[in-house]
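Each remark here refers to the structure printed beneath this line.
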């Protein structure tokens, strides 16, 4: 198949079709996306051999997908923002059931006030649920990750569901070239579905039964072990995909110009592309800066973080979300990964771009440049929550919330 | 080669579609491209904008476009509502759909080009919901002036998007505008 220009949403839909998904369930009202609309159209026109289940809520959408997947087929759904939050209970049930499943998340802000634009609050809100959570930078990566998600989720070392995050509008509604393999190529690369158990009218399994406290504890333990094992699986799948289709991204993280870098940017999602341009701008100015793009939020890439930034002079994280009362998510995870090493380097946790506030490359460059200059001038800097405010508010409010309170 | 393009139109005029078709045409030539609407509320008739990027290399940027190399304006009356000139670089190009040949750009000396896409649409019977279809003609004018994407690729992409007579009429609109676009302004 030649390269096609597709929105991120269509890239997801084509990937689900090529993975031979047999059941798609969805609540077809806002905040649903054209992912499910495209799948519904393909099923209706006989271009996809699958069953579409129209349900009355996102909670039911995932429950139906879980039921179908438990019965032994590839099942798929997609949601966004408030739909994902409404689904949250079943998100946990799915991971706890250890049923492989793939769901696309169009990452968007959460109300109130209403805002439909890109933000990572919705997807990071799922971080503790036992799902593998990935997030793409480009439409091509959205497609590749969706195909890979089935192989990762269905690996017997993992058997956990996986989310594929694509930034709302920035990827979901933007057209860009996507190179899609032919059906037979995907068939050859993607193994037959495997799962720990299959529910049929004849089988005698009980799902979601009461367990002893001790057994409950051990099932939690097993999810954590699967998450740990998933790290190798993700790397293997990324490598194998690269060997077959020519695109590898580096596993749980992508490393960009880090070889001789003394300072590091940590960022996730589509704006990592703008941040890369900022790294290029700063490199031209002589700043020794590199970038680590987080592709998987769960399992968190602890080893990669330590490997790349453990001996860094300074790390600056960019979060499009915040844990109110604490810090941005990437910042907290990064510091927690570094452990005692964190005390040796300078850090700044930037919170920016909430609700889709645009951050162009030049602005990334400005913030990173300021951080590096400050470290070079003052020695060690510890600045865990720096709010890079929208430009019209920058002169009115301080970037550190503590100063407002004082 | 790396260019940023902004389309100014009214909701319903097909600015977003024009950006998408341009991006698709660029990919047909082995280039990298991107196209996206300005993310906000859209209403029929209200000013809207869409963006496109075209490059010889993969495109990393995802932010909005604030100073385009080229602006395509689907309705000359938009100059009264939107500060179009400020969305284009000082040495940039502005291509306007207008029946008048005298648009006064008092805010700067951008290179201004005009084509009467409304008349082209009417001649070809390209009327949808009472409005002349001008977006495809403007892509022909874009090709003639910039050479970034060939007329052939634009025609192919139009036909791929709209099979049959509709595609052929839109392709013809692009061909005519390609020939008719000319320098204008006072």
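Assorted remarks:
- C-alpha long axis of helix A:213-245 to longest principal axis of chain A, angle in °: 80 degrees
- Segment A:121-152 versus segment A:192-255: alpha-carbon centroid distance in Å: 14 Å
- A viscosity of 0.890 mPa s and a temperature of 25 °C, combined with the Kirkwood radius over C-alpha pairs in the Stokes-Einstein formula, give segment B:2-183 a diffusion coefficient of 154 µm²/s.
- Potential lengthening between residue A:213 and residue A:37 on full extension [0.36 nm per residue; Cα-Cα distance subtracted]: 59.1 nm
- Comparing Cα centroids, segment A:14-69 and segment A:337-386 end up 41 angstrom apart.
- Counting only DSSP beta bridges with both residues in chain A, the antiparallel share comes to about 20 percent.
- Per-selection Rg to Rh, segment A:4-245 - Cα, Kirkwood hydrodynamic radius: 0.95
- Sorted by Cβ density within 10 Å, fewest first, the residues A:320, A:369, B:175: A:369, B:175, A:320
- Normalised by the number of residues in segment A:4-245, the average gap of Cα pairs under 8 Å and 6 or more apart makes the relative contact order 23 percent.
- Rounded to the nearest 10 degrees, the angle from helix A:329-338 to the longest Cα principal axis of chain A is 80 degrees.
- Shielding by other protein chains, A:360-370, mean Cβ within 10 Å: 1
- More than 16 Å apart - percent of Cα-Cα pairs taken over segment A:201-313: 69 percent
- Segment A:50-98: C-alpha pair distances exceeding 16 Å, %: 33 percent
- Beta bridges per DSSP, both residues in segment A:4-245: antiparallel share near 15 percent.
- Over chain B, relative contact order from alpha-carbon pairs under 8 Å, at least 6 apart, %: 22 percent
- Values of log10 I(q)/I(0) for the protein assembly as shown across q = 0.08, 0.11 Å⁻¹ run -0.59, -1.07, by the Debye formula with one identical scatterer at each alpha carbon and no solvent.
- Here each label is just a point 7 Å from Cα along the line to Cβ, and for residue A:128 and residue A:382 those points are 2.5 nm apart.
- Fully extending the segment from residue A:336 to residue A:198, taken as 0.36 nm per residue of separation minus the present Cα-Cα distance, adds 45.9 nm.
- Percentage relative contact order, chain A, counting C-alpha pairs under 8 Å, at least six apart: 15 percent
- Relative to the longest principal axis of the Cα atoms of chain A, helix A:58-70 runs at roughly 60 degrees.
- Summarising the overall dimensions of segment A:253-405 from its C-alpha atoms, the Rg and Dmax are 14.3, 41 angstrom.
Just so you know, all these numbers are worked out from the coordinates, no wet-lab data involved. This is a predicted model, so every value here is computed, not measured. Neighbour counts run over all protein chains shown; Cβ positions are idealised from the backbone, glycine included.
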